[in-house]
Structure formats: structure tokens, C-alpha cells
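Shown next, in C-alpha cells, is the structure this report addresses.
The values are calculated or read from the model by the stated rules, or taken from the named source; none is laboratory data. Worth saying up front: this structure is predicted, and the values here are computed from it rather than measured. Glycine gets a Cβ as well: all are built from the backbone with ideal geometry, and neighbour counts include every protein chain shown.
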Amino acid sequence: MNVYVIFLYLVLIPSYPLESDLYLPPLQELENSLITFIEIERDAKLRSFDQVKSSDWQDALPSLGLAYTPAGDPRPSISWSPLQILDRKEQKKRRKMDRESIYLGYEILITDRLYRLRQLYQDYMIDLDALTLKQSTIEIDEKLYAIQVKKYEENLIKPSEYLQAKKRILLIRADIETMRQELMKRKNEVLYEAKWDGTRVRELSVR
């Protein structure tokens with residue numbers, strides 16, 4: 001096989017781009033998804049908190065009871081203390097502090113979760129770059145293997161040489177597939193951490 005034919009094999013054999021389902025949405029969209037999820041969770045907790053605390057006003061009502069006259073006849077009685085007003089104000093102040101504590105707790109949670117999301121995203125990007133580089137080299141390996149196949153069909157090389165070339169390309173393909181699977185795992189981990197709604201997932205490039 002002459003140099004010109006070899007050149008045609010290297011040029012005309014199609015390349016192998018990465019599948020679109022290996023890519024993640026942009027980091028900003030993932031961060032927005034996570035923040036929205038946590039804020040919804042926080043607001044639900046606050047609503048539940050307010051519903052429980054909304055009955056505090058009942059503590060300020062007079063207490064109804066039953067008393068007896070000197071003659072021993074029963075009659076209704078009402079008791080009330082100014083301390084109830086003070087206690088009511090204290091409860092209101094404490095409830096405000098509890099609400100602020102919930103807000104602060106969720107702000108800390110958002111910060112922590114965003115940090116973890118960014119770390120996972122960075123790990124994903126490292127693996128994506130490695131797979132992209134590996135993918136560019138396998139394109140050359142595939143073309144060289146095609147040349148060996150052509151030589152074998154034309155009886156220009158020994159069967160043992162052909163088998164060695166085939167074994168090599170199969171190992172390279174297996175390595176690529178392993179890297180793809182690992183990258184997909186990282187992608188799923190990032191999407192879970194971001195609480196990404198699958199119905200919004202688009203085929204977006206991370207670049």
C-alpha cells in the first residue's frame with residue numbers, strides 16, 4: 001500500500017465525537033437548580049413552623065373555670081394575669097428568632113451544597129477532558145487499524161501481525177468504554193447533587 005493510499009485512509013475514515021448525553025448543563029444552571037430546590041424546602045419548613053406557632057394567641061385568652069359561692073352553689077369563673085401579655089411578647093420574640101435561625105441554617109446549607117456541587121463539577125470536567133483527549137487518539141488508532149486490515153486482506157502482513165493489531169484496538173476500545181461509563185457516573189452524581197429536574201435537561205455543551 002503506497003503513501004497516498006495510506007493518507008486517504010487517515011483522512012476519509014470518520015471520526016468518533018463524544019455522545020451528547022455525556023455532557024452536563026452549564027454550571028450556573030445547575031447552581032440555580034440547587035438553590036431553588038433548597039429555597040422551596042426552606043419555605044415549606046417555614047410554613048409548617050408558622051402553622052404550629054399560630055395557636056400561640058390562645059395562650060393570652062382568660063382561663064375559664066368553675067368556682068363555688070359561700071353557699072356552695074357552682075358558678076363559672078374567669079382568671080387572667082398580666083403575665084400572660086409578657087409571656088405572649090416573649091413567645092413572639094422567640095418565634096422571630098427561630099425564623100431567623102431557620103433562614104441562617106438554610107443559607108449555610110446552600111453555601112455548603114454549592115461548594116460540593118462545584119467540586120463534583122470540576123471532577124467531571126477533568127474526566128471529560130481526559131476522555132476527549134483519549135477519544136482524539138483512538139481516531140488515529142482506528143485509522144491505523146483499518147490500514148492493517150487492508151494489508152491483511154491483501155496478504156501483505158502475517159496473520160499474527162493482524163491479530164496483534166486487532167487485540168490492541170479492542171483493548172483501546174474497552175478502555176474508552178470504561179472511561180465513558182465512569183464519566184456517566186460522575187454526570188449522574190452532579191445532576192443528583194444539583195437536584196436537576198430531568199424534564200429540563202437539554203443537550204448542552206459544558207463549554
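For GLN91, the conditions (1) at pLDDT below 95; (2) within 19 Å of THR36 (Cβ to Cβ); (3) surrounded by 15 or more Cβ atoms within 10 Å (Cβ to Cβ) are fulfilled apart from (2).
Matching residues to (1) over 30 Å from ASP21 (Cα atoms); (2) of a type in the set (A, V, I, L, M); (3) in a helix (DSSP H, G or I):
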residue	(1), (2), (3)
VAL149	yes, yes, yes
SER160	yes, no, yes
ARG168	no, no, yes
ARG173	no, no, yes
ILE176	no, yes, yes
LEU183	no, yes, yes
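Cβ-Cβ distances below 7 Å connect the following pairs, each with a first residue in the stretch 25-48 that is more than 19 Å from THR111 (Cα to Cα) and in contact (Cβ under 8 Å) with a residue 24 or more places away in the chain, a second residue that is of a type outside the set (Ser, Thr, Tyr) and in a helix (DSSP H, G or I), and a separation of six or more residues or different chains: LEU46/ARG99; LEU46/ILE102. The set of residues in the stretch 94-125 being loosely packed, with under 12 Cβ neighbours inside 10 Å, among the hydrophobic types (A, V, I, L, M, F, W, C) and within 24 Å of VAL190 (Cβ to Cβ) consists of ILE108 alone. In the stretch 187-202, the residue that is nearest to the chain's Cα centre (by Cα) out of those that are surrounded by 10 or more Cβ atoms within 10 Å (Cβ to Cβ) and either modelled with pLDDT under 60 or of a type in the set (Phe, Trp, Tyr) (or both) is TYR192. Filtering the stretch 103-135 to residues that are over 18 Å from the mean Cα position of the chain (by Cα), more than 12 Å from ILE38 (Cβ to Cβ) and in contact (Cβ under 8 Å) with a residue 12 or more places away in the chain leaves ALA130, LEU131, THR132, LYS134, GLN135.
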